[in-house]
Amino acid sequence: MGTSVQVTPLCGVYNENPLSYLVSIDGFNFLIDCGWNDHFDPSLLQPLSKVAPTIDAVLLSHPDTLHLGALPYAMKQLGLSAAVYSTEPVYRLGLLTMYDQFLSRKQVSEFDLFTLDDIDSAFQSVTRLTYSQNHHLTGKGEGIVIAPHVAGHLLGGTIWKITKDGEDVIYAVDFNHRKERHLNGTVLGSFVRPAVLITDAYNSLNNQPYRRQKDKEFGDILKKTLRAGGNVLLPVDTAGRVLELILMLESYWADENLAHPIYFVTYVAPSTIDYVKSFLEWMSDSIAKSFEQTRENIFLLKYVTLLTNKTELDNAPDGPKVVIASMASLEAGFSHDIFVEWANDVKNLVLFTERGQFATLARMLQADPPPKAVKVTVSKRVPLVGEELIAYEEEQNRKKKEEALKASLIKEEELKASHGADNNTSDPMVVDTGNNQISPEVAGPRNGGYRDIFIDGFVPPSSSVAPMFPCYENTSEWDDFGEVINPDDYVIKDEDMDQAAIHVGDLNGKLDEGTASLILDTKPSKVVSDERTVQVRCSLVYMDFEGRSDGRSIKNILSHVAPLKLVLVHGSAEATEHLKQHCLKNVCPHVYAPQIEETIDVTSDLCAYKVQLSERLMSNVLLKKIGDYEVAWVDAEVGKTENDMLSLLPVSAAAPPHKSVLVGDLKLADFKQFLSSKGVQVEFAGGALRCGEYVTLRKVGDASQKGGGSGTQQIVIEGPLCEDYYKIRDYLYSQFYLL
């Protein structure tokens with residue numbers, strides 16, 4: 001049998017809930033994504049809580065809440081303690097996303113699910129990998145190789161490839177095949193016939209217009225609103241799709257020479273842009289090439305102003321403006337407060353660039369038709385005063401006294417336990433406190449005060465060991481030059497440097513003023529809330545800038561990849577069933593769409609065996625290099641080693657002849673360039689390659705078959721037997737390896 005693979009969804013199937021999936025490969029448990037929603041509903045994590053202690057490794061695919069939002073809570077409360085793997089941008093931007101989520105919640109509620117320290121602790125365990133880097137697991141995961149690949153959608157977004165015994169398990173959700181301003185398209189199409197492909201159906205029912213058309217509509221509606229004297233609010237995520245929107249606005253403002261201000265408001269806005277400036281190698285090829293030529297960083301923003309609190313926005317000059325603010329769901333953060341203020345003005349516009357999460361204010365406003373009024377809760381944190389402050393201080397003092405008393409009692413008990421057995425009464429310097437019988441001769445008359453004086457003045461406390469100071473022996477080593485030192489004691493550890501670098505703020509470790517005041521503010525405070533009914537008179541527009549492949553593209557990519565088995569997750573029930581039926585007809589016969597906590601076995605039907613190549617066999621094998629590999633034709637017999645392991649041995653009799661095998665994958669476009677370099681006149685005509693006057697090359701048959709079987713594609717060379725025919729044929733053979 002092949003590698004054993006089981007998939008168990010923990011959240012995010014047949015709906016648009018956060019993503020979290022358990023994938024077991026030969027008993028090694030991967031948790032792929034650990035998402036939460038903007039409601040931070042603990043009930044969504046019930047399935048995860050049952051398996052968290054058994055997780056061996058966590059793989060994160062994107063730096064947003066839906067993919068990693070539950071990581072701090074799971075590590076603090078659910079017993080998750082596995083190693084975590086991600087790309088560098090997912091690590092850095094995911095950290096800032098969680099900071100922004102916490103600070104947004106803390107301002108409007110007594111949020112206690114996790115703290116900033118919990119976030120730091122969770123992200124300390126992240127191992128960062130680069131794209132296409134093969135990471136070999138050890139211990140229980142011996143033989144498993146993981147590698148991140150480009151997914152598109154978000155900066156650092158990852159398609160995970162897990163390989164064991166030559167079989168690939170691909171996890172690809174929220175990918176985008178289109179090249180964008182700051183991101184390359186996904187490389188999912190480069191994988192062919194993996195054993196298992198896990199992908200999502202989120203966008204399978206949506207088809208997008210061309211990018212140029214979308215960009216024009218986006219700019220036109222902004223300009224129209226601003227010229228009419230209105231403000232524009234773009235609710236966004238903290239550090240994901242907002243980067244593409246910022247570049248769009250920068251480009252449009254430069255092209256149209258607009259003077260209206262643009263503000264990017266999150267608790268970590270300056271930190272986000274500072275980190276992004278250092279991630280150019282993770283962005284599109286055009287950005288990297290432009291930087292090499294001009295040394296100009298595309299994220300040196302000219303039109304967008306970065307803010308970290310709403311006071312700065314309120315103090316901005318009056319007039320039409322564009323505000324980009326988190327959170328995209330409008331459930332919390334600056335976007336919520338700004339919407340409440342601006343919703344009543346018909347001139348204003350709220351422009352949604354992504355679908356709101358289920359049961360959020362953003363999703364409600366995106367309904368067709370939108371509501372005319374919505375009920376919202378407006379909360380703010382205010383300092384305690386008067387009797388509330390006095391009561392709070394008294395309670396804090398009482399808690400401090402209780403903690404101090406408890407600490408002293410524990411310390412005394414520890415001292416008794418550690419020293420009670422070591423008391424040596426034979427030592428004349430040690431007072432035996434265990435003998436409480438005092439002789440009358442020493443104590444004096446019972447009716448006098450001598451006995452009390454003796455006890456109060458000379459009996460040591462029970463925790464005393466001896467009336468002398470401890471002596472510690474110096475064990476340091478010395479040589480002719482002085483004390484020997486260990487250089488490792490003076491090296492700053494990477495973890496310490498990372499910890500210093502990941503504090504909210506710029507790359508120099510300085511806190512943003514607004515964020516620092518919020519984090520460091522220890523004044524007693526409380527949250528005051530009130531329910532309001534907001535009249536929605538402003539314009540509400542949704543334009544799809546989510547950066548995901550649409551339904552048509554998803555189907556084409558899946559047909560090209562042609563996995564042996566396909567698992568569908570994350571998408572509405574309608575979208576999931578639609579894509580499932582399409583794939584059963586056009587992609588492969590084994591398509592699964594499991595429910596929450598339903599374990600499906602997608603073990604490969606292929607029979608794979610480990611064999612040892614004997615030295616006698618390998619000494620007679622002639623290997624030929626093909627790309628990164630070396631191949632050879634081998635005739636051998638199967639035997640066993642002393643350890644009962646299968647081994648390939650040389651055949652005892654003469655090997656039978658075999659037909660020549662051409663190894664390689666020829667693309668006619670590449671072959672056209674090759675022939676041109678050899679001076680052959682060549683052109684495409686009717687899907688075939690015409691070489692010179694008489695010879696034509698064409699491919700016939702399908703490159704792949706339904707279910708991922710090997711195809712019957714052949715290259716046919718047609719033409720009269722002439723000098724050109726044999727020359728072209730020799731050139732064609734040179735593109736392959738003959739075995």
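Data overview
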quantity	calculated
Residue-averaged 222 nm ellipticity for the chain, from DSSP H runs of 4+ at -39500 (n - 2.57), nearest 500	-9000 deg cm²/dmol
Antiparallel content of DSSP bridges confined to the range 20-74, in %, to 5	60 percent
Taking the range 235-336 and dividing mean pair separation by its residue count, relative contact order in percent (alpha carbons under 8 Å, at least six apart)	45 percent
Within the range 714-731, backbone nitrogen closer than 18 Å to the virtual label 7 Å beyond the Cα of SER677 toward Cβ	728-731
Theoretical gain in end-to-end length, ARG227 to SER559 [0.36 nm per residue, Cα-Cα removed]	114.8 nm
Cα long-axis angle, helix 242-256 against the chain (0 to 90 degrees, to the nearest 10)	60 degrees
Of every Cα-Cα pair in the range 98-216, the percent that sits beyond 20 Å	61 percent
Rounded accessible area per residue of the chain, 1.4 Å, Å²	53 Å²
Contact order normalised by residue count of the chain, Cα under 8 Å, 6+ apart, percent	17 percent
Local electrostatic count, LYS400, Cβ distance below 12 Å [Lys/Arg +1, Asp/Glu -1]	-1
Options VAL569, LEU697, GLY156, ranked by Cα towards positive dipole end of the chain, top entry (Cβ charges)	LEU697
21 Å Cα-Cα reach of LYS416 towards lysines, excluding residues that sit fewer than 8 places from it in its own chain	LYS406
Alpha-carbon centroid distance for the pair the range 627-651 / the range 158-183, whole angstrom	33 Å
Nearest-ten-degree value, helix 668-677 long axis tilted from longest Cα axis of the chain	70 degrees
Cross-link pairs LYS164/LYS672; LYS277/LYS372; LYS699/LYS727; LYS310/LYS372 - those with Cα-Cα distance over 30 Å	LYS164/LYS672; LYS277/LYS372
Percent antiparallel among DSSP beta bridges (both partners in the chain, rounded to 5)	60 percent
Gain on full stretching of the segment that runs from LYS416 to GLN77 - 0.36 nm per residue minus C-alpha separation	118.6 nm
C-alpha long axis of helix 88-106 to longest principal axis of the chain, angle in °	50 degrees
Contact order relative to length of the range 1-111, as percent, for alpha carbon pairs under 8 angstrom and 6 or more apart	21 percent
Nearest-20 debye value, the chain charge dipole, Cβ charges on Lys, Arg, Asp, Glu	3540 debye
Computed FRET value (nearest 0.05) for ASN257 with SER286, which takes r as the C-beta separation and R₀ as 35 Å	0.90
Reference-scaled alpha-carbon Rg (2.2 N^0.38 Å with N residues) for the range 313-417	1.88
Gap separating the Cα centres of the range 234-283 and the range 41-110, nearest whole Å	25 Å
Antiparallel bridge percentage (DSSP; both residues within the range 145-300; nearest 5)	75 percent
Over 20 Å (Cα to Cα) - which of LYS400/LYS523; LYS140/LYS610; LYS76/LYS401; LYS223/LYS302; LYS106/LYS400 fall in this group	LYS76/LYS401; LYS106/LYS400
Values of log10 I(q)/I(0), in the order q = 0.08, 0.09, 0.10 Å⁻¹, for the chain under a Debye, Cα-only, solvent-free model	-0.83, -0.98, -1.12
Nearest-0.05 FRET efficiency for ASP26 and ASP644, computed from C-beta distance (R0 22 Å)	0.65
Surrounding net charge for GLU683, when Lys and Arg each add one and Asp and Glu each subtract one, Cβ distance under 11 Å	+2
For the range 560-574 and the range 338-370, distance of Cα centres in Å	32 Å
Nonlocal amide H pairs with TYR263, under 5 Å, H built at 1.01 Å	THR305, VAL322, VAL323, ILE324
Apportionment of accessible area to carbon and sulfur, the chain, percent (1.4 Å)	51 percent
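The values are calculated or read from the model by the stated rules, or taken from the named source; none is laboratory data. Fair warning: this is a prediction, and the values are worked out from it, not measured in the lab. Every residue, glycine among them, receives a Cβ derived from its backbone with ideal geometry; neighbour counts consider all protein chains shown. Side chains are part of the model used for accessible areas, which takes the heavy atoms of the whole protein and leaves out ligands, DNA and RNA. Shrake-Rupley method; radii C 1.70, N 1.55, O 1.52, S 1.80 Å.
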